[in-house]
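The values are calculated or read from the model by the stated rules, or taken from the named source; none is laboratory data. This is a predicted model, so every value here is computed, not measured. Glycine also receives a Cβ, built like all others from the backbone with ideal geometry; neighbour counts cover every protein chain displayed. We work out accessible area using only protein heavy atoms, side chains counted, and drop any ligands, DNA or RNA first. Shrake-Rupley method; radii C 1.70, N 1.55, O 1.52, S 1.80 Å.
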Amino acid sequence: MFSLCISSCSVFFFLNIDFLIVYGLCIWSCVVSLTIEIENIMYKKNACTCLASHAHLTVPSVVLQNSFYLGVIKLHSMPPEKLEIFRSLETWADKNILVHLKPVEKCWQPQDFLPDPKSDAFYDEVKELRQRCKEIPDDYLIVLVGDMITEEALPTYQTILTTLDGVKDETGVSSNPWAVWTRAWSGEENRHGDLLNKYLYLSGRVDMKHIEKTIQYLIGRGMNPQMENNPYLGFIYTAFQERATFISHGNTARLAKAHGDIKLAQICGTIAADEKRHEIAYTKIIDKLFEIDPDETVLAFADMMKKKITMPAHLMFDGQDDNLFEHYSDVAQRLGVYTAKDYADILELLVSKWKVEKLTDLSADGRKAQDYVCNLAKRIRRLDERSQMMRHAKIAQTHRFSWVFNKEVQL
């Protein structure tokens with residue numbers, strides 16, 4: 001029994017009723033509330049599709065603001081015998097993954113891009129920053145704030161990665177290269193939210209109180225990317241997400257330059273470069289898994305894509321807008337910061353990079369998974385074309401965002 005409610009410019013296509021794949025191809029701008037009797041993760045009431053997801057499967061939530069009914073959760077899905085694979089890769093990870101980290105002393109820090117508080121010119125530098133930001137439109141600020149809030153929820157992401165079987169940080173200070181990577185990766189990522197937060201604060205263009213509430217709500221609510229404590233799923237998810245954030249920050253850099261704020265463009269571009277470096281590391285891990293365990297890896301790839309790459313901030317809430325992520329996503333989609341085309345491009349890139357089409361000696365299920373992931377991008381593109389036609393036919397809508405003092409912004 002299915003109950004489907006569609007709003008905004010959503011397009012959904014049902015393929016194979018046995019497992020039901022739902023695609024929402026105005027990624028970042030589609031909304032779906034779907035009640036479905038299926039053993040799967042279910043999120044919050046009126047949940048929305050997201051920038052890097054085909055659609056969002058949900059059931060009504062009977063919970064408080066900071067918690068959600070999660071339905072049936074599948075945990076620890078990796079077969080126990082696969083643990084040895086990750087133990088055997090520790091030396092490889094030490095030599096091939098940790099090299100993508102930068103020593104702290106060689107890393108940029110947020111202060112490198114901000115007015116210097118110890119300088120006599122500090123107030124003049126702040127005035128200059130605020131002057132640059134005066135002409136930035138509110139819709140761009142919505143996207144930048146949403147990106148910053150996503151980065152600020154880093155504690156959630158580190159927690160999830162350190163619970164993956166076979167690569168856990170058992171003590172919090174483990175010398176295991178997998179644990180070393182996750183902690184150091186988190187340290188590098190932490191600078192992103194710090195820098196964007198401070199820049200937006202100094203700009204005077206946004207309501208920091210509501211933004212800070214949104215960050216606290218999001219960290220309290222957490223996220224469930226449906227990794228199942230499985231590093232095959234977890235590293236596929238992060239490889240995809242790092243590419244997505246590289247594209248998103250790159251586009252905010254491009255738009256900042258167009259709006260005349262060269263410093264902000266530099267900031268977003270610098271963050272994008274970090275994401276690209278991290279993407280290389282995560283894609284390298286999956287490339288290695290395809291080399292030594294192709295069947296399990298392609299099955300995990302297909303499984304993750306069928307579940308959809310759920311964006312980390314899909315549970316964001318500011319204390320008043322139950323569909324905040326949906327509305328933020330609509331704006332991002334309209335500005336071209338991240339689109340369905342980007343999603344399909346990333347999928348095609350990973351399929352090519354990991355040479356999925358060339359895999360041989362797979363099991364019957366492995367061959368089905370191979371066929372699925374190799375043809376998925378084409379399906380997404382076809383549905384995106386229909387979605388775009390519907391979007392253009394709809395009357396433009398606006399929404400009031402607390403982040404910009406409840407001003408109306410076009411969705």
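Below, the figures for the structure above:
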item	result
Inter-centroid distance (Cα atoms) of the range 153-204 relative to the range 388-411, Å	33 Å
Cross-link partners of K308 among lysines (Cα-Cα below 17 Å; sequence separation of 8 or more within a chain)	K44, K74, K341, K378
Two-site FRET efficiency, S352 against Y201, from Cβ-Cβ distance with R₀ of 45 Å, rounded to 0.05	0.65
Charge context of N197, other residues only, Cβ under 10 angstrom, K/R +1, D/E -1	-3
1.4 Å probe accessible area per residue over the range 60-200, in Å²	52 Å²
K394 paired with K82, simple spin-label distance in nm, labels 7 Å along Cα-to-beta-carbon	3.7 nm
Cβ crowding within 10 Å averaged over residues, with 237-245, 181-189, 203-211, 339-347 ranked highest first	237-245, 339-347, 181-189, 203-211
Qualifying lysines (Cα of each under 29 Å from Cα of K102; at least 8 residues distant if same chain)	K118, K168, K198, K257, K263, K276, K284, K288, K353, K355
Inter-part distance where the range 217-288 and the range 95-115 are each reduced to a Cα centre, Å	16 Å
FRET efficiency for A184 and Y123, using Cβ-Cβ distance with R0 set to 30 Å, rounded to 0.05	0.25
Cα gyration tensor shape for the range 196-279, rounded if a/c is under 1.5, else prolate or oblate	oblate
